[in-house]
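Reading through the structure tokens given below for one structure.
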Amino acid sequence: MCLAMPAQIVEITGRRAQVTLLGNVRQADLSLLEGAEVGDWVLVHAGFAIERLSQEDARQTLELLAAIDDHAGTAV
Amino acid sequence: MIARPIRIMEVCGTHTHAIGRSGLRSLMPPNIELVSGPGCPVCVTSQSDIERILILARRPGLTLCTFGDMVRVPGLTSSLERERSAGADIRVVYSAMEALELAGREDGREVVFLAVGFETTSPGVASLILQADHQGVANLSFFISHKLIVPAMEAVLQGGSRIDGFLAPGHVSVIIGPEAYEGLAIRYSVPCVVTGFEPADVLEAIVMLLDCIVEGRPGSFVQYARAVKPGGNRRAWEMLTRVFDITDAEWRGLGVIPRSGLTLKPAFTRFDAAERYPLPEMPSVQPPGCRCGDVLRGLIHPPECPLFRQECTPRNPVGPCMVSSEGSCAARYTYG
């Protein structure tokens, strides 16, 4: 229920954004954040971006996800 | 080196699931016990709310939008899944946004969004209600069952469970900030560590907690620094307080906890499904033998419930702890 995933903003239209994670594109609502820009990494929960992540923070989470992916052999 | 038994509680369904899935429990030394608390918002939805949700679902002309893990929660005689088979229009959504979009597309139908979740989820719902209000949407309302986690942590401590430390929820803390646990930590001398969701995060947080316990350092600390900032997300919290008031709420297994739930402010009453539709007050009735309440308080582990793996399985859940994949019992059943 608390699941949130990092994703990168690729396009912004008003308060909505297209965000991408590992090739998957989703919609996210940006109204809970101020000043988010294209290229920013954000943490997305149930369709809402809840926090900005630095590239390094996002990278760490992605590496952990990829490591599990390797071990488990299942798609994220 | 600590010899005495240490009980660490997590209060986040995603932590329950992560710990179960990674087999962390089996890696712990024998004196460290990982206990699951009331961290699954689906699991702590009151029986009374569940019955009222089922009444809503049965209304002709009404479309109920819900997160997936509510669908199989058993009421006394039915569930959303059963109602769907009987013809109710129930749509599983990933985001509350989809309910707003649906209301716009299907203006002949009354749309209700089932608003369940802790502080990670409720600001998004608040934002959505503001958007619906701004757009003058007339066919959308919300059954509000949102709850707040810190009052539940306090209720667990007051209820006699011996807890030596908390793994605090990572994404709730993105919103409320790590300071939210400080008062509790100091008052009850129980350190709290805000924890991420990967096994490495949980292990690191357990080490941090043990250090605090050994050194007698109650307080709130952050392991999940890559997402959790001091002060949390103020904008999200302000949006939440613009739309919702804090109220007393009934938690399955824990009873009524003061100031632990959300209710719509009077300005948004027309978005309140409980005001819009006649919904009787329903008493909460626990199914006989079900010990979900004790499991949620961390008083017993799932295998100590007499129904565990007998009458109560993920396929045939008796209580919500078994239904949601984040429930303690479901996680224990699946991962051992």
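Looking across the range A:1-19, the residues that are within 9 Å of chain B (Cβ to nearest Cβ) and either outside any loop (DSSP other than H, G, I, E, B) or touching a Cys at 6+ places or on another chain (Cβ under 7 Å) (or both) come down to A:MET1, A:CYS2, A:PRO6, A:ARG16. If you go through the range B:1-27 and keep only what is in a loop (DSSP other than H, G, I, E, B) and touching a residue at least 12 places away in the same chain (Cβ under 8 Å), you end up with B:ILE2, B:ALA3, B:ARG4, B:PRO5, B:VAL11, B:CYS12, B:GLY23. Looking only at residues of the range A:20-33 that are in a loop (DSSP other than H, G, I, E, B) and modelled with pLDDT of 95 or more, we find that the one that is nearest to the chain's Cα centre (by Cα) is A:LEU30. If you go through the range B:163-182 one residue at a time, do you hit one that is over 25 Å from B:LEU210 (Cβ atoms), out of contact with any His (no Cβ under 8 Å at 6 or more places or on another chain) and not assigned by TED's automatic domain parsing to the domain that holds B:THR66? Checked the range B:163-182: at least one residue is over 25 Å from B:LEU210 (Cβ atoms), out of contact with any His (no Cβ under 8 Å at 6 or more places or on another chain) and not assigned by TED's automatic domain parsing to the domain that holds B:THR66. B:ARG276 meets each of the listed conditions (1) in contact with a Lys or Arg (Cβ under 9 Å, 6 or more places away or on another chain); (2) within 24 Å of B:GLN158 (Cβ to Cβ) apart from (2). All of (1) out of contact with any Leu (no Cβ under 9 Å at 6 or more places or on another chain); (2) without any contact (Cβ under 8 Å) to a residue 40 or more places away in the chain hold for B:VAL295 with one exception: (2). Within the range B:188-240, the set of residues being farther than 27 Å from B:HIS17 by Cβ, touching a residue at least 24 places away in the same chain (Cβ under 8 Å) and in a helix (DSSP H, G or I) comprises B:VAL214, B:MET239. Are any residues in the range B:40-70 among the small types (Gly, Ala, Ser), part of a loop (DSSP other than H, G, I, E, B) and within 16 Å of B:ALA115 (Cα to Cα), and if so, which ones? Scanning the range B:40-70 gives a single hit, B:SER46. Residues that are over 23 Å from the mean Cα position of the chain (by Cα), outside any helix (DSSP H, G or I) and basic (Lys, Arg) within the range B:71-122 comprise just one, B:ARG109. Mind checking whether some residue in the range B:107-119 is acidic (Asp, Glu), within 10 Å of chain A (Cβ to nearest Cβ) and surrounded by 20 or more Cβ atoms within 10 Å (Cβ to Cβ)? Looking through the range B:107-119, at least one residue is acidic (Asp, Glu), within 10 Å of chain A (Cβ to nearest Cβ) and surrounded by 20 or more Cβ atoms within 10 Å (Cβ to Cβ).
The values are calculated or read from the model by the stated rules, or taken from the named source; none is laboratory data. All values reported here derive from a predicted model rather than from experimental measurement. Ideal geometry is used to build each Cβ from the backbone, glycine not excepted, and the neighbour counts take in all protein chains shown.
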